[in-house]
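Participant: Quick one: structure below, then a few questions.
The values are calculated or read from the model by the stated rules, or taken from the named source; none is laboratory data. Everything quoted here is computed from the prediction, not taken from an experiment. Virtual Cβ from ideal backbone geometry, glycine too; neighbours counted across all protein chains shown. Side chains are part of the model used for accessible areas, which takes the heavy atoms of the whole protein and leaves out ligands, DNA and RNA. Shrake-Rupley method; radii C 1.70, N 1.55, O 1.52, S 1.80 Å.
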Amino acid sequence: MVETPKDKFVINPSAALCGTTKVPGDKSLSHRAVLFGALAQGESRVRGWLAAGDTEASLRAIQALGVQVERHGTHDLTIHGGTLSPAAGALDLVNAGTGIRLLAGIMAGQPFSSVLDGSEQLRRRPMKRILAPLGMMGADIHSVDNHAPLLIRPAQLRGIQYDMPVASAQVKSAVLLAGLFAKGATTVTQPGPARDHTERMLAAMGADLSLNGNVAVLNPGNALQPVDMTVPGDMSSAAFLIVAALLVPGSDITLTGVNLNDTRTGLLDVLLGMGADITVTETGLEAGEPVGTIRVRHSVLKGTEVGGDLVVRMIDEFPILMVAVLTADGTTTVREAEELRVKETDRLAVMTAELRKLGAEITETKDGFRITGPQDLMGATVDGHDDHRIAMSMVVAGLVAEGRTTVLDARCAGDSFPGFAETLVSLGADVRVSEM
Ligand code: S3P
């Protein structure tokens, strides 16, 4: 089904969700596969690539930079990497924060100018977090008050030692990628375990990268070798199906081929601590990442506390965690999650506002929230705010609300999970996509 810009999802209370399915390819890995493949000397082959709003924007960007890409069907690519050449116009990363921040690190080291831009939503997101360290490296980047569009001019970069103030994989990646084009070593120290896909993929491609706990040291000089990889399923997409199955009585679903990288599995740890019936079986390695099967059965959950390193290991999963804990017995408190305020939307404020429309009682705090459950939800009309994780979380809430729920502006689910509604329907949910 083609999702047009005005698509809305209409959700009725769900029968048990049952069956086995796969989730689309990992978004973080799919961005990196095309961006790093563009730099590699030779042909990279990528199977199971995520063809979604965000990642297609990164793909169009490398094509605009002169990189030839052959598509074999929707999910398999051959990337003819090597050298980048000037693009005819601005590179439009649309809603993709990962795309613009990682590409900024790459473009800072090129011998020609470029302009990186995106949607109104992307223009609102903070870029100072990459502009500060890239500036220390000597990058010549002009922004609109630390926001996109970014005008990047050629400059000789130098390696730096950077202590990241926030645990952000996008910042870490932008600095390491710029480090590929710098004179001297680049050292990045992160305050917590941000996802490590860049380190794994660059090392696999032959970069001189050493890792010691939270410190990564990159020495430039080694030409990147092409990748040959199958992208595993995205844990952050699996999260919506996992919570849906936990909440809908009688459910029993199995998800195969999911990326189980420890920097991405914080939600599983939290849900297991809440009493969830989840079985994880590791089946092998794909693209240097552990992959496996996740079986989820309906469970009665109890409240919990989340803070510290767990926050970064599940940073994209808080919208759907909010839905889960509404049904849990007892109080859940989340702290140290202020990063949620600078995602596609302010996810703390937006989820609180939208769930309240279903009758939820939530205390929003500066850096998290407090919810006491179990609470009954009532179907209502809510908004997806052009934020894929908000829209999908509200669809899952609709599965367990009494009566009908309508999620407006839900097409954005396709930024990371094309076919989300169809996947839920294949498991037994009553979700319809219609034009607004
Ligand atoms: C991502 C890093 C995270 C995450 C985003 C994807 C990545 O952002 O929220 O969805 O692929 O590097 P931050 O680096 O801003 O935490």
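Participant: Among 404-411, 98-105, how do they line up by average Cβ neighbours within 10 Å per residue, starting with the highest?
Facilitator: Averaged packing, sorted descending, gives the order 98-105, 404-411.
Participant: State the three equivalent ellipsoid semi-axes of region 293-371, derived from the C-alpha gyration tensor as the square roots of 5 times its eigenvalues, in descending order and whole Å.
Facilitator: 19, 16, 13
Participant: Can you give the FRET efficiency for R432 and E336, using 1/(1 + (r/R0)^6), R0 = 41 Å, r = Cβ-Cβ distance, to the nearest 0.05?
Facilitator: Taking R0 as 41 Å, the efficiency between R432 and E336 is 0.60.
Participant: About the Cα centre of region 295-436, what is the dipole size in debye to 20, counting +1 per Lys and Arg Cβ and -1 per Asp and Glu Cβ, all else neutral?
Facilitator: Result for region 295-436 is approximately 360 debye, rounded to the nearest 20.
Participant: Further question: Over the Cα atoms of region 27-229, compute the convex hull volume and normalise it per residue, giving Å³.
Facilitator: 100 Å³
Participant: Between A353 and M378, what is the label-point separation in nm under the 7 Å Cα-to-beta-carbon projection?
Facilitator: Simple spin-label model gives 2.1 nm for this pair.
Participant: Right, another one. May I ask you to derive the relative contact order of region 27-229, considering only C-alpha pairs under 8 Å and at least 6 residues apart, and to give it as an integer percent?
Facilitator: 20 percent
Participant: Continuing with the same structure: Just round it to a whole percent: the fraction of Cα-Cα distances in region 25-113 exceeding 16 Å.
Facilitator: So the pairs more than 16 Å apart make up 47 percent of the total in region 25-113.
Participant: May I ask you to rank V280, V23 by accessible area, largest first, using a 1.4 Å probe over the protein chains only?
Facilitator: V280, V23
Participant: Run the reach check for K357 against lysines, Cα to Cα strictly under 28 Å, same-chain hits fewer than 8 apart removed. What comes back?
Facilitator: Leaving aside lysines fewer than 8 places away in the same chain, those within reach of K357 are K6, K8, K302, K343, K366.
Participant: Now for a separate question. Once Rh for region 260-391 is found with the Kirkwood sum over Cα pairs, what is the Stokes-Einstein diffusion coefficient at 4 °C and 1.567 mPa s, in µm²/s?
Facilitator: 84 µm²/s
Participant: Given springs between every Cα pair under 10 Å in a Gaussian network model of the chain, which of N214, N146, N259 has the largest fluctuation?
Facilitator: Result for the chain, Cα springs under 10 Å: N214 fluctuates most.
Participant: Considering the options G303, G99, A244, tell which one lies farthest towards the positive end of the dipole of the chain, charges being +1 on Lys and Arg and -1 on Asp and Glu at the Cβ, about the Cα centre.
Facilitator: Projecting each Cα onto the dipole axis, the largest value belongs to G99.
Participant: Which order, highest average first, do 48-56, 332-340, 422-430 follow once you tally other Cβ atoms within 10 Å for each residue and take the mean per peptide?
Facilitator: Result, highest mean first: 48-56, 332-340, 422-430.
Participant: I've got another one for you. Calculated from DSSP H runs of 4 or more alone, at -39500 (n - 2.57) each and per residue, what is the 222 nm mean residue ellipticity of the chain, nearest 500?
Facilitator: Theoretical 222 nm ellipticity from helices: -9000 deg cm²/dmol.
Participant: Could you give the nm distance between label points at E305 and T21, where each point is 7 Å from its Cα heading toward the beta carbon?
Facilitator: The modelled label-to-label distance comes out at 3.6 nm.
Participant: For all pairs of alpha-carbon atoms in region 313-433, what percent lies in each bin of width 10 Å, listed from the first bin to the last filled one?
Facilitator: 14, 48, 33, 5
Participant: Putting +1 on Lys and Arg Cβ atoms and -1 on Asp and Glu Cβ atoms, find which of H80, G192, Q110 reaches farthest to the positive end of the dipole of region 27-229.
Facilitator: G192
Participant: Something else now. For the chain, what D do you get in µm² per second when you plug the Kirkwood radius from alpha-carbon pairs into Stokes-Einstein at 10 °C and 1.306 mPa s?
Facilitator: Taking Rh from Cα pairs, D becomes 73 µm²/s.
Participant: Looking at region 340-402, what % of the alpha carbon pairs are farther apart than 18 Å?
Facilitator: Of all Cα-Cα pairs in region 340-402, 32 percent lie more than 18 Å apart.
Participant: Please compute the Kirkwood hydrodynamic radius over region 122-190, one decimal place, Å, based on all pairs of different Cα atoms.
Facilitator: The Cα-based Kirkwood calculation yields 12.1 Å.
Participant: With a 10 Å radius around each residue's Cβ, average the other Cβ atoms per peptide and rank 79-89, 288-298, highest first.
Facilitator: Ranking the peptides 79-89, 288-298 by packing returns 288-298, 79-89.
Participant: Select from A38, A413, A16 the residue whose mean-square fluctuation is largest in a Gaussian network model of the chain (Cα-Cα springs shorter than 10 Å).
Facilitator: Among A38, A413, A16, the largest GNM mean-square fluctuation belongs to A16.
Participant: So how far, in whole Å, is the C-alpha centre of region 59-117 from the one of region 381-436?
Facilitator: So the two Cα centres are separated by 30 Å.
Participant: At 1.306 mPa s and 10 °C, plugging the Kirkwood radius over alpha-carbon pairs of region 272-334 into Stokes-Einstein gives what diffusion coefficient in µm²/s?
Facilitator: Translational diffusion coefficient: 119 µm²/s.
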